[in-house]
Amino acid sequence: MIRRFHISERQQVALIIFVALLGIFLVWSFLLRPQISMRRENAEIRDQLENSRYANLSMESLREVAALETAAEKQLQEEWAATRIRLGTFSNQDSLRKADVARIDYKVELFNTRQRLQEKSKNLGIALLPTDLGINEELKTNDQVRDRMLQLKAVDYLADLALDNRIQQLVSITPLASREHPGADGKVLFTEYPVQVTFDADFVNLYQLFQSVFEENRLFVFNSIRVVSGPSVASMLRVQAVMSALVFE
């Protein structure tokens, strides 16, 4: 025997009201509310377009504006590329940043640099007291290799620059920790490789060195400089400075 449920008229009315309310809720949730939201977003976009400086321009004018902005962007990119070249210390900075450098490569480069600078200082008759170039050979992680290689390049360039300008004596030279400089968007624009250096020179040598550090592909930035009396008549000045090589991304 099938048992039938009996629903009173009052229950039927209540059920109809419930179904109607449920239908209204579903229509509101899945149809009306998304349409209202979309209409609001469209209105905001329309207001933005109406208030835009391009709202009253013709298509031809818009094309001209787009061409001008494209040309301006291209000019800025070219100026930035020229700035990278002009202010970068190393002419091959792109390859230095991206090169795969192994520990053995760093060790060999360090040995060759020390030998070359010692030979150059000997030929010029200039004392190169820090024969190790102030560089710690120990590498704890592989991530340090490229950073150390660029530190070595900065020391090499600066020592070379000092010898080329006939300083009397290179007293000390030590690479300091590199520093990254990000732009407004948080991306790194360039990395600074500071080197602390002390050397003896006369006024002519020092003036020539100041001129040299502003040459393209030899540029160094002065972070600090202190000049005091030298230890002898021949070495009239003792210069203590922190100078940085710049490597652009």
Query raised in the report: Of the trypsin sites (Lys or Arg not before Pro) in the stretch 76-180, which ones lie in a loop per DSSP and count no more than 14 other C-beta atoms within 10 Å?
Result: 140
Query raised in the report: Where in the stretch 136-171 does the label zone of residue 240 land, with the point 7 angstrom along Cα→C-beta and an amide N cut-off under 14 Å?
Result: 171
Report task. First measure r as the distance between the Cβ atoms of residue 36 and residue 73, then evaluate 1/(1 + (r/R0)^6) with R0 = 35 Å and state the FRET efficiency to the nearest 0.05. Result -> 0.35
**Report entry** Distance between modelled label sites at residue 63 and residue 164, nm, 7 Å Cα→Cβ extension
**Finding:** 5.2
Requested in this report: Figure the gain on full extension for residue 232 and residue 43 (residue separation times 0.36 nm, minus the Cα-Cα span) and round it to one decimal in nm.
Outcome: 60.0 nm
Query raised in the report: When the chain is fully extended, how far beyond the present Cα-Cα distance does residue 188 get from residue 111, taking 0.36 nm per residue of separation?
Result: 24.6 nm
Requested in this report: Report the full-extension gain for the segment residue 103 to residue 91: residue separation times 0.36 nm, less the Cα-Cα distance, to one decimal in nm.
Outcome: 2.0 nm
Requested in this report: Please identify every one of the chymotrypsin sites (Phe, Trp or Tyr not before Pro) in the stretch 159-249 that sits in a loop by DSSP and has no more than 16 other beta carbons within 10 Å of its own beta carbon.
Outcome: 214
Query raised in the report: In sequence order, what are the phi-derived ³J(HN,Hα) couplings for the stretch 208-215 according to the Karplus relation 6.51 cos²θ - 1.76 cosθ + 1.60 with θ = phi - 60°, rounded to whole Hz, with x for glycine and proline?
Result: 5, 5, 4, 5, 5, 6, 9, 6
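Only the coordinates and a few stated rules stand behind these numbers; no lab work does. This structure is a prediction, so every number in the text was calculated from the model and none was measured. Methodologically, a virtual Cβ is constructed for each residue, glycine included, from the backbone with ideal geometry; neighbour enumeration extends over all protein chains shown.
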